[in-house]
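Visitor: My questions all concern the structure below.
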Amino acid sequence: MQFADRLNNVETSAIRELFKLLGKPGIISFAGGFPDPAMFDVEGLKEASANALTEEPGPALQYGATEGYQPLRDQLSTYMATKGATVAANELIVTTGSQQALDLLGKTMISPGDKVIVEGPTFLATIQCFRLYGAELISAPIDAHGVKTDELEKLIAEHKPKFVYLIPTFGNPSGAMLSLERRKKVLELAVKYNTLIVEDDPYGDLYFHAAPPPSILSLSKDVPGSRDLIAYCGSLSKVLSPGLRVGWMIAQPELLAKATMCKQFSDAHTSTFAQATASQYLKLGRLPAQLAIVRKVYAERA
Ligand SMILES: Cc1ncc(COP(=O)(O)O)c(C=O)c1O
């Protein structure tokens, strides 16, 4: 077969290959960010999916808007507010996992040869995804407090990247936590160099003791001109269920519109049944208690 040239720079992820070992007895794999299935709130999800089918069978089973199921968008806006970020429902779209948000960012922003700065090391699936669109990835060094902002500034000035991709809160795979001071510095760099910052935040709610510093997105209100330069990816995968494939993306209107257009071509919309189930779950109000359990159990294990 003569495959597309864009596949020349990517290979199947070694981590996905390792997933195959997960079923084997005696193996606890830390290779992927898999929640413990024993932590899934099965009762809550049973109730939520039943409610979706009884209360809103039409919208739950019909085609839906590419931007996402409106009640869920409203709830995600409220959820972001609880985390300190003011985001109107129309400033976010629901995506098929945050992985799709990353893919849409790649599709909308990256032309072959464009440079993208990532942390070294960073999430493998993102590397593969951005490479698929022809990005040349530049690695910015990190320490326990996340990306070294002095080094980041030098790299931005030198390479003029299309954007900078960061996992500021519990970096994957580093576990690094970007300090508050550096978060502010990143926002200042975004403005100074007019550079888009992608904040990938699937793990922010899974802290064990003290809450992590506020997201870069929520801190953008303190740095004039920075808000439109932040694209934020969120996910219900690590706190509720990755199988639901419900994530979201927050970005300024023009970028969000382009990403929505690209999403139309890829999957039309995220599963309406999954979205209605997620929405009903959030309506049941079980997430805070669920988070408390998960934090406690994972803290003990850590
Ligand atoms: C840093 C990071 N971003 C994004 C994802 C994708 O998560 P999902 O597509 O399930 O929301 C993961 C999953 O492991 C991750 O670790």
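Visitor: Within 21 Å of L206 (Cβ to Cβ), away from the ligand (no atom under 13 Å from the Cβ) and of a type outside the set (K, R): which single residue out of A125, A81 fits that description?
Guide: The match here is A81.
Visitor: Looking only at segment 96-134, filter to residues that are assigned to a helix (DSSP H, G or I) and of a type in the set (G, A, S); which one of those is nearest to E158 (Cα to Cα)?
Guide: Going through the qualifying residues, I end up with G106.
Visitor: Please work out which one of (1) hydrophobic (A, V, I, L, M, F, W, C); (2) open to solvent by 40 Å² or more (accessible area, probe 1.4 Å); (3) in contact with a strand residue (DSSP E or B) (Cβ under 8 Å, 6 or more places away or on another chain); (4) within 13 Å of the ligand (Cβ to nearest atom) is the condition L166 fails and give its number.
Guide: Failed condition: (2).
Visitor: If I ask for residues that are touching a residue at least 40 places away in the same chain (Cβ under 8 Å) and not in a loop (DSSP other than H, G, I, E, B), which ones from segment 74-95 would you list?
Guide: Q75, L76, Y79, M80, E91, L92, I93, V94, T95
Visitor: Right, next: Mind listing just one residue for me: the one in segment 234-249 that is surrounded by fewer than 24 Cβ atoms within 10 Å (Cβ to Cβ) and either without any contact (Cβ under 8 Å) to a residue 24 or more places away in the chain or more than 10 Å from the chain's Cα centre (by Cα) (or both) and, of those, nearest to the ligand (Cβ to nearest atom)?
Guide: Ranking the candidates gives P242 first.
Visitor: Are there helices (runs of 4 or more DSSP H) fully within segment 248-302 with at least 2 residues that are out of contact with any helix residue (DSSP H, G or I) (no Cβ under 7 Å at 6 or more places or on another chain) and within 20 Å of Y203 (Cβ to Cβ)? List them.
Guide: 287-301
A quick yes/no check of all residues on (1) free of Cβ contacts under 8 Å to residues at least 12 places away in the same chain; (2) more than 16 Å from the ligand (Cβ to nearest atom); (3) among the hydrophobic types (A, V, I, L, M, F, W, C); (4) open to solvent by less than 10 Å² (accessible area, probe 1.4 Å):
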site	(1), (2), (3), (4)
I156	no, yes, yes, yes
E199	no, no, no, yes
Y232	no, no, no, yes
P253	no, yes, no, no
A257	yes, yes, yes, no
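Visitor: Looking only at segment 120-150, count how many residues are touching a Leu at 6+ places or on another chain (Cβ under 7 Å), free of Cβ contacts under 8 Å to residues at least 40 places away in the same chain and not aromatic (F, W, Y).
Guide: The total comes to 7.
Visitor: Also, quick follow-up: Could you identify the single residue in G64, G23, G58, G32 that is over 28 Å from V87 (Cβ atoms), open to solvent by less than 80 Å² (accessible area, probe 1.4 Å) and away from the ligand (no atom under 16 Å from the Cβ)?
Guide: G23
Visitor: When residues of segment 175-196 are filtered for being open to solvent by less than 30 Å² (accessible area, probe 1.4 Å) and more than 21 Å from the chain's Cα centre (by Cα), how many remain?
Guide: Looking only at that region, the number is 1.
The values are calculated or read from the model by the stated rules, or taken from the named source; none is laboratory data. What you see is a predicted model; the values in this text were computed from it and never measured. Cβ coordinates were reconstructed from backbone atoms using ideal geometry, including for glycine residues, and neighbour counts include every protein chain displayed. Protein only, heavy atoms only, side chains kept; ligands, DNA and RNA dropped before computing areas. Shrake-Rupley method; radii C 1.70, N 1.55, O 1.52, S 1.80 Å.
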